[in-house]
Structures are given as structure tokens and as C-alpha cells.
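A.B. asks: Shown below is the structure under consideration.
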């Protein structure tokens, strides 16, 4: 019956159910009845209906009766989204028997009664410790169904508590959750019963039976347990001579040790964190009960809760979101028709909001179109011994199977060549045109083959029928292992400035440390996809691809098909996001679909499902920085010795360039007089890492801010001061790579951000809050960013445009940039509008296509507006010159009049514009010698962020962020502020939320939105203020503007360092001082375990190598 997630099983587990019953149409299963002793809920009642009904009960009934209901309603507030709650039902939650169910711990603690029915009759079952018999199993027999659930009222002397800890605040599955209920004897302080139920601690929802028994008896036992933790006493004994605090801890731990996630390597991983949560939850429950007893006056001998520990209780602070955006207005003299500098709405905003915007998979099917599904390698490192296609080819609807043998040209793709299809030995038992090849080493989630079929469903099913046999080889999964084993791609790059060893001898302090920046998934809304349409004449083919690099894809496809590039047309209307993930990977997948279309002589389409995309298309590279830095006692930097390790994955892709850009950015906004830096590109057996927004710069800047933070701690100065005293001072100082810093706007951004954020006042407020609270802490941080703009090699700094004026005066523009949501087309229309002096409503951009503008530069590096804008401007200037004589002849005429006159005079109304960087903008930089011009210019920004963390759980709230960003003279403040906010939130994911896991064998564990959490709607700052720096024109770009796509992303590191600031306060309360390591992302696990206290001390991390972990971070 449809009371559980059968859709997931059908799609991801290949289950087949011949009969499905919609339980929502069975009257008896969707009824809700209010009874004298509780509420009877039909098993198929959806969660939205349940929530509304329970809220009404809470309003209508006495408070004490509905304490259990309040817990359920509170939990439902964090249960997925509205759409899910509208269809998810109560019975489905129970019968799915998920060990991380949000509701099951509550229902067990509430002692719910289940009504079961079968052909043989009905029976009643209590949700107790014996209900769940194993992973996703219950005590119901195979022929039984759940018909209804009885939720009992609570009594006046019962108190109910629920709590959930997840990666993200809302719409997320639990790491650990709990339902807890305590009942007291009438007229007594004696605990009559206690229910402690946990999810996420074992393969089923469990009760802490041992602890429940040991704490049953007198209230004083519960008090002593809580006071033990409140006061940190370790020898708090009762009159009976028993250390009841320690006794309670042992009781609590004995059960997790037996059935909870206590063994290193246990399923789910993060064992120490989950165990500490079980104690933290109980402590919060204890305080909650004390407070409730005090408020209800049921017990006169309740001890007071110390003021500093009130912060462990749930907060009632529900701040409304608010924001401010401030930008410079255009001069009053600027013509109304000139839209440059005005906050113009994104040209596709309405279509994208309403779903009318056309993306690749919205394109109607071509006649005779087929669908392609990939067969990926599922081993991290192996030799492919054989591939068996017979079962797949026998499936009705399958047309063909594509392998490397079907590639008519070269099997190599991308700028640094790598295999398109794996070369392997093939064994088939039916006739198939593929000769056996020598077996070879192969890597995780590379393309072995592809199946072409009549539909997506058939192709995917057939791909899973392909049988591959492997000889597994030793695999390197983590960056740490790769560095230790010297698994490098090429020689390390180095930067040497001054004499580092001499600087260390002069230093008052020499600090050493190590920090890690984790991988990040692109998680674009639209996954990888392409359509290949063979023209069946002369080798022509048209490719529609979700692609940032159409010319690169054109080159790849021409190569694999063995034709000249003019036979291949690649086009794209828009992307549903790219972020660098469609710069090289899209061309690779599109090449495979082109080979298929060439072979079958029919249109072929592919789109990756989210899990396929995440497993195969690569991520942002993880980094490790090992640093040694010398400074004076005042905190001034003297020298830096740094080793960078970059995870490249199984091919080089763009990782060498990513490493270079990270190294070139190591100075950020600071003067480092002596530097010795080495950058290693490490090969691992995971899918190849690739470009992502920021291209190595955020990782490099993060490592710099980490060791700079250590200097402040070591020298006992503020984080603000250590940055201010080390700022570069142009023109005296140059960048690390020896470039002059013109228009140095860091001081202006810094001072304005301090002012707008009320930094000094809030610093005092944060310090005061931290002194008054033990279990919640706040942190405040200010972070600058210097981001260079310009592409290497320098030939990539070119662009073309084609502008048509039609005889009715309307204008069509084609340029080399791809619209991926960043507003590029909107800005190009604004530039054309200004240059032609016509309304932007008269201008249209349809798509990007290689037959309109050849040899395009990839839409990347934040330069697309700069280079394509000039190309569009120059094409428009050519047309204006052609129209000049008609304007002079008819000065009172309209735009349409002049165009018609030109048309009748046979004037060409089509023009090409071209841009290349020349003169002062010619980027002739040489990395090894640090000579030549490195970037066109630098973008500057500063952010202040404030957070509040829960020291007991590791959860956090982002209270406020203020950003000041130098974007030159903004082309479009609305678009630019949107880019700043979007980049900041994506960076928030990188530095705080998005934790990327795989198994020790290399299988991705975070392969979809259920396990990989990007920031949600409620994760944005409660107060979010963005200010564009005024009076900061940039002479080196179109209309005096600056790049805005990538530079703001690093400012989100201010959140990370605000979290670290809060953790420092917690550690001070625990008697800990000095520097400490906090890796990125600062997940709830890392926050909690860094806030060391008497709870975490019970669960030390096991020694590396002493066990096989469930998960690793590659």
C-alpha cells in the first residue's frame, strides 16, 4: 500500500510492484477521532492534516493534556517541506521503520497504541522497545496492515520533550533525534515512569532501557544527574554514599555501548558525535523538566536552574528576516532610456518563476528520438576484465550499446586529454560488433559504455543489466592518503619570496598548524544533459547542451566524430546553473551522446539523474594546508612556509590551474614579506574534481585566514587588529605575485563595513552574552577579500558578438557567453541599449550558438560581462556609425525611421564585434618568475557575520551579515546584489554546511539532496545587508564595472570564523585556551566536538588506523 516511499524503491532500488493501492482513498484510514483519553488517527492521514488537528486540540484542551501533541507539532515544523507533509502519512512513517524517523521516537515515548488488522482479525500493539525488530522491520506479520494510531493525552504530572539534530535546520533528516517523557507519582516527587527514545543511534529506533530503569525511583536521582553536569562536579555523593551523577552517566552509557552507535566504524559514522548528542539531549530534557516543575508548582523542592545554564533550554527567539540593499543611483542627467547602472529585472525572471522558461529537458522530443543511459564503473580502482551486454540488448526497446569501439575519431576529450569511454575487454554471447581489447586499469564512475533505447526508463533499466567483472586494485580515496603515499600529478609548483628561514629566526612566535577545506558539490538545479541531432549529410551534427563551454564541446565532438569543427553546431539557450561544473564535464558527456547519435543515425538525448550527476561529474577540490608562520609579539607577519595539497581525483582536469590560482591568492589583503609555498596536485581514485565558483581562490584565502587567526590567538590580540596591522599598503606594497594594486579599496570597504555593521557595539554585546551563557555562545568575525579577475592563458580573454537590426527596428544579439542565471544576457542588453540609445525592450537575445559566434571563451572566471560586453558594444558602435547619416538627414525621426531608411538604402544592418585584451590589459604573467601582468584588476569586499551556536548539539543560527562589495560602477545593481547574496550563500555551504562523504572504498554516500545539504531558505542570515561601494569606477572594464560572480563567495568565510569565535568562548568556559583546529565545513559535528566539555570527554575519537571507518571525507 502507498503508505511508504515506494517511489524511491522503484527508482533507485529497481523494485517492481504489480499492484499499488492508494490508501488515501480508504475512508477508514483517513479518519481522525477525538476520544475521551486521546486521539485516534487513521494510518493514512497526511501530516498536514494531523498537524492542523493537533493544533486545534492544543487550542481547545487544557495545556497539560496536550503536552505530547505539542511535541509532535513542534517536530512536524521541521519535517520536510509543505509538499511532502501534504502526502506523507503517519502510518507510512511508522511502517517504513526508518531508524532516523522524525516521528517514531516521539510515538514510542508517548506510548502510542497501534491498531493492526488482517484477514484473521484485529489486534492492538504498543509501540515499545520490541516493536522494531530490525533495520526497517516491525513486529507486524506479512499479512497485517496498520489501520490507526492512538495518541494518548498526557496527565498533569507528565512532561514530554522532543529534540532533533540535523545537518540543516529544516527540511533535513535527523542525525540523532529523541522523544522523552517522564511521569511523577501523584503527591510525590517519585519518578513513576521514564521513556527515553532515540532515533539515529542504531539500526532501529531504540529505548534507553537500562538508563530508564536506573533513573526510575526518586526525583533526586534525576536532580543529582543534572546537577552533576551543570556544575561539573565529579564527586557529588548522596547520603547513601553513592556518586549518583557518575552512576547515572554509567547507566546512560551502558545502553549506548550495547545497542547505540558506540563501536568505531558503526553504520552512519560520526559515532562520538552521536553518542555525545544522546547525553546532551538528556541534559536538555532534565533542565526542561526542572523548568516545567517550577512553572506548574507540582514540586516545591525543585532546585533552581543557574542563569548561565538557561541557554541549554529551547529558545523562543523567532526573529523575522530582514534585509537592506544599498547602491549608488545613476546621475540625474542620465537619459531614462539608458538602463546601465539601473536595477533592471533579470530578463527571464518571470519565465523562470512561472516555469515557462525552456531548459534542455523541456525541448519536445524529436521524431525518432532515442534516450541514452550510461554504464559507469562502480569500483574506485580496478581492472575491467569483461563486460556482458547480452541481457541489456535483449530487453525490448533497446536499440544499441555504445563503447569505445564505436568512436569514429579519437577516444580522447578535453584540453588535457582523458578517455571518453573506458577501453576494456568485452565478452558477449550474442552478435555484437566489438572486438575484445586488452583489459586495463579503470577508475570510479568513468564511462564504460552507454545504452541507447526508446525511452529513458528502458535505457536506465538496460544499463543496470550490463554486467561488468572487475579485478579490484588498491585505491587511494582521501587527500591525506594521497599526500602520504606521494600520489602526485607532476612536480609541485612553488612560490619563493625573500628568506623564510631568516624570518623565523627573527620571529617572537613561530606557529605551526594544519587545516582542511572539504569538497563541494555544484548542485546546479539542472543536471548534466544534451541532445545530439545528426543531419545525416556530410557529417553535420547539431548539439543542444547544458554547457558553459560550447566551443570546448564543439572541439571535443569534432574530435570523437573525426570531422572538422564547422560540421558541428553547439547551442544553448540557458543553463539551470553551472558554477564551473559544466565547463569540462558537459563536453565529455555530450561527446558520448554524439557518438551514439552518429552510430544509430537518430537524435539521441541524455539527462543525468541527480545521483548519477553527483557520482560522476566531480566536485570542487578538497585542500589541505600545512603551515608554519612567524610573527612579532605584536602580531605582524614575518614569514610563511606553506604546503598545499589539492585533491585532483582520477584525472588532472583543471586541478593544476586550481592549485595555481589558490597559491597566487595566498596573500589575500595582507603583506607577507617572506614566503615559501609548495602546491601539490594529488591523484586519488575518486571522480575527477573540476572547476567550481572561485576556482581555488576561496580555499587559498581560507587557509590564509586560518593561520592569521592563529596569530591573533597566540599574540593575544583581537582578530580585527591582526588583520588591520597586516594590510597591504599600496603603492609601497604590491601583491604576492608582484602586481601593482591600483584603486586599493580594501580600507574603504573595511571602514564602511565596520560602520554599517555597528561592529564595536556588537562586539561588546557578544562578549556580554557569552559571559552570561554557558550552553549557547555567539561569535562575531570580519573578513576581507581580494580577488583577481582575468583568465590564463591570455588567449581566453577574447570574445565575439553578432548584432542584427531588423527592418522594424528590433534588435537580435548573439554573443559568446552562456546565460546560466547570472544575468549575463540582461547586462548585454543594457550595454546594447546604452550604445544604440534605444529601449532595452527592443532588444532580444535568443541563445548562444557556435554558428553565430565562433571560438568562444568558456563562461567562467567572472569575466563574461567584461569581455562579451565590449564585443557587443563594438558591434553596436559599428551599426551606429552606419546609421549616423540617416539620423543627420532626419534628426526628428525615430529609431524605426532611421532603420527603415538605412534598409531602403541597402545598408548592412548586421555587425560583428570583437574584443581581446591588449595594451595595459594584456595578461603576460609568468608564474615561475612572478613577472608580467597577472590580472586586469582586483575586486575587493569585506563581510561581518554574527552567529549563535548551541554548544550541546553543534547547531547554529546565522544572526546577521553585513557585506560591503566593490563592484566598480555596477552595470545592474539588482543583478549584482543577487550575485553577491547568491555567492555568499553558496560559500556558506562550502565553509559550514555541505559535508561530502564517501565510503572507504570510494562509493559516494552523499549522492542526493537527502544526504547532501545545501543551504535552505531559512539558512540565510536573519538580517542580511549588502552595500555596494560608491564612487569606485573601474577603468579596466565595460562601463567602469567589475566582475561579481566569484569574488563575493569567500566573504562567507566570515560565518566560519564567527563560529570559531563562538567555540573559543565555549572552550574558555571549559578551561581550554590557545589555538585549536577547526576544519571546513564547520558542520554541527565539528562545532559540537570542538566545544569540549564533560559530555564529549566521555567519547574520545578512536585512533586512526585502529578501525575501518564507515565514512571518510575525500
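A.B. asks: Please quote Rg/Rh for the stretch 1066-1114 to two decimal places, taking the Kirkwood radius as Rh and restricting both calculations to Cα atoms.
C.D. replies: Rg/Rh for the stretch 1066-1114 comes to 0.99.
A.B. asks: Rounded to whole Å, give me the distance from the Cα center of the stretch 118-155 to that of the stretch 352-369.
C.D. replies: 46 Å
A.B. asks: Taking Cα pairs under 8 Å and at least six residues apart, what relative contact order does the chain come out at, in percent?
C.D. replies: 12 percent.
A.B. asks: If you don't mind, there's one more thing I want to ask. Let me know the Kirkwood hydrodynamic radius for the stretch 48-131, please, with Cα pairs as the basis and the value in Å to one decimal.
C.D. replies: Across the stretch 48-131, the inverse of the average 1/r is 14.1 Å.
A.B. asks: Another one. Rounding to the nearest 10 and keeping the result within 0 to 90°, find how far the Cα-based axis of helix 824-836 lies from the longest principal axis of the chain.
C.D. replies: Roughly 40 degrees between the two axes.
A.B. asks: Would you mind computing Rg(Cα) / (2.2 N^0.38 Å) for the stretch 606-683, counting N as its residues?
C.D. replies: Output field value: 1.47.
A.B. asks: Where does each of 1065, 1052, 348, 591 land when they are ranked from fewest to most other beta-carbon atoms within 10 angstrom?
C.D. replies: 348, 1065, 1052, 591
A.B. asks: Between residue 755 and residue 472, how many nm apart are label points set 7 Å from Cα along the C-beta direction?
C.D. replies: 6.3 nm
A.B. asks: Given C-alpha coordinates of the stretch 849-937, what is the ratio Rg to Rh with the Kirkwood estimate of Rh?
C.D. replies: 1.17
A.B. asks: Out of the DSSP beta bridges found with both residues in the stretch 497-575, what percent are antiparallel (nearest 5)?
C.D. replies: Percent antiparallel among DSSP bridges in the stretch 497-575 is about 55.
A.B. asks: Another question, then. Report Rg(Cα)/(2.2 N^0.38 Å) for the stretch 637-793, keeping two decimals.
C.D. replies: So the Cα radius of gyration is 1.21 times the expected 2.2 N^0.38 Å.
A.B. asks: Hey, another quick one. Using the count of nearby Cβ atoms within 10 Å as a rough guide to exposure, how do 332, 648 rank from fewest to most?
C.D. replies: Arranged by neighbour count, lowest to highest, 332, 648 become 332, 648.
A.B. asks: List 75, 127, 345 from most exposed to least, where exposure is judged by having the fewest other Cβ atoms within 10 Å.
C.D. replies: The order, fewest Cβ neighbours first, is 345, 75, 127.
A.B. asks: Output the antiparallel fraction of DSSP beta bridges having both residues in the stretch 798-916, as a percent to the nearest 5.
C.D. replies: Close to 80 percent.
A.B. asks: Using alpha carbons only, how many degrees (0 to 90, rounded to 10) separate the axis of helix 864-889 from the longest principal axis of the chain?
C.D. replies: It is inclined by approximately 40 degrees.
A.B. asks: Okay, moving on. What is the stretch 921-984 by shape, rounded, prolate or oblate, if you read a ≥ b ≥ c off the alpha carbon gyration tensor as root eigenvalues and call it rounded for a/c under 1.5, prolate for a/b larger than b/c, and oblate otherwise?
C.D. replies: oblate
A.B. asks: Here's something else I'd like to know. If you take every DSSP beta bridge whose two residues both sit in the chain, what share of them, in percent to the nearest 5, is antiparallel?
C.D. replies: Antiparallel: roughly 80 percent of the beta bridges in the chain.
A.B. asks: Work out, step by step, the length gained on full extension between residue 887 and residue 484: first 0.36 nm times the residue separation, then minus their alpha carbon distance; give nm to one decimal.
C.D. replies: My answer for the length gained is 137.9 nm.
A.B. asks: Once fully extended, how much extra length lies between residue 897 and residue 313, figured as 0.36 nm per residue of separation less the alpha-carbon to alpha-carbon distance?
C.D. replies: Stretched fully, the residue 897-residue 313 segment lengthens by 202.9 nm.
A.B. asks: State, to one decimal in nm, how far the label point of residue 354 lies from the label point of residue 904, with both points 7 Å from Cα in the Cβ direction.
C.D. replies: 3.8 nm
A.B. asks: If you take the square roots of the eigenvalues of the alpha-carbon gyration tensor of the stretch 144-219 and sort them as a ≥ b ≥ c, do you get rounded (a/c under 1.5), prolate (a/b over b/c) or oblate?
C.D. replies: Taking the square roots of the gyration eigenvalues as a ≥ b ≥ c, the stretch 144-219 is prolate.
A.B. asks: Follow-up question, since we're still on this one. Can you give the convex hull volume per residue for the Cα atoms of the stretch 798-916, as a whole number of Å³?
C.D. replies: So the per-residue hull volume is 92 Å³.
A.B. asks: For the stretch 172-216, how big is the tail of P(r) above 16 Å, as a whole percent of Cα pairs?
C.D. replies: Tail of the P(r) past 16 Å holds 46 percent of the pairs.
A.B. asks: Taking R0 as 56 Å, what's the FRET efficiency between residue 386 and residue 494 from their Cβ-Cβ distance, rounded to 0.05?
C.D. replies: Efficiency computed from Cβ-Cβ geometry: 0.80.
A.B. asks: Can you give the calculated 222 nm mean residue ellipticity of the chain, where each DSSP H run of n ≥ 4 adds -39,500 (n - 2.57) and the sum is split over every residue, rounded to the nearest 500 deg cm²/dmol?
C.D. replies: One gets -9000 deg cm²/dmol as the mean residue ellipticity at 222 nm.
A.B. asks: Of (i) 49.2; (ii) 30.7; (iii) 32.1, which one was derived for Kirkwood radius over Cα pairs in Å from the structure shown?
C.D. replies: (iii)
A.B. asks: log10 I(q)/I(0), Debye, Cα-only the stretch 532-688, no solvent, q = 0.18 Å⁻¹?
C.D. replies: The computed values of log10 I(q)/I(0) come out as -1.05.
A.B. asks: Calculate I(q)/I(0) for the stretch 944-1072 by the Debye formula, one identical point scatterer on each C-alpha and no solvent, and give its log10 at q = 0.09, 0.10, 0.14 Å⁻¹ to two decimals.
C.D. replies: -0.35, -0.43, -0.74
A.B. asks: May I pose another question? Rg to Rh ratio, the stretch 1-149, alpha-carbon atoms and Kirkwood radius?
C.D. replies: Rounded to two decimals, Rg/Rh equals 0.95.
A.B. asks: Take residue 509 and residue 812, extend 7 Å from each Cα along the Cα→Cβ direction, and tell me the distance between the two endpoints in nm.
C.D. replies: 6.5 nm
A.B. asks: To continue, here is another question. Tell me the angle of helix 244-259 to the major Cα principal axis of the chain, expressed in degrees between 0 and 90 and rounded to the nearest ten.
C.D. replies: That helix lies at roughly 60 degrees to the long axis.
A.B. asks: Further question on the same structure: Applying 1/(1 + (r/R0)^6) with R0 = 30 Å to the Cβ-Cβ distance of residue 855 and residue 656, what FRET efficiency is obtained, to the nearest 0.05?
C.D. replies: 0.80
Laboratory data are not the source of any read-out in this text; all were calculated from the coordinates shown. This one's a predicted model, so the numbers in the text were calculated from it and none came from an experiment. Every residue, glycine among them, receives a Cβ derived from its backbone with ideal geometry; neighbour counts consider all protein chains shown.
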